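Take a look at the structure below.
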Amino acid sequence: MTDVIYTNKSKINKPKDQIIVNKYYWVEMKPAKTLPIYQFKLHPQSNLNGVYVLVKDDSKIIKHLKSGEKVEMLYHSKNTDAPVEQFKTQILNIAKKEQGPLKGHFKVALSIVD
């Protein structure tokens with residue numbers, strides 16, 4: 001069972017989201033000055049062209065993420081020689097996983113903002 005904690009009604013299937021899936025492997029974010037930099041592996045959405053990251057339910061960062069919020073994130077390419085790129089990224093939704101292999105994590109869906 002998945003409980004959607006926060007939702008945002010923004011359009012999800014943007015062409016830039018497909019680029020994220022194909023080009024980038026992980027992302028860095030620091031949503032608040034008091035937090036350290038967090039790094040997350042990007043996972044493709046199975047039914048969408050977007051991506052999500054997994055955040056442990058006891059992580060301090062989860063209290064600082066809000067659906068609809070726009071955060072500057074650094075995207076690291078699958079090609080290790082490629083430069084890191086920075087994009088303003090919108091948090092589309094945050095869903096707590098209560099069952100299955102992702103139990104104990106929040107699934108945070110992301111989309112690059114134009």
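In the structure shown, the pairs 33/56; 33/103; 23/63 are assessed against 26 Å; a Cα-Cα span above that value is assigned to 33/103; 23/63.
Relative to the compact-globule estimate of 2.2 N^0.38 Å, the Cα radius of gyration of the stretch 43-114 comes out at 1.17.
Every number in this text was worked out from the coordinates using simple rules, so none of it is lab data. Since the model is a prediction, treat every value here as computed from it, not as a measurement.
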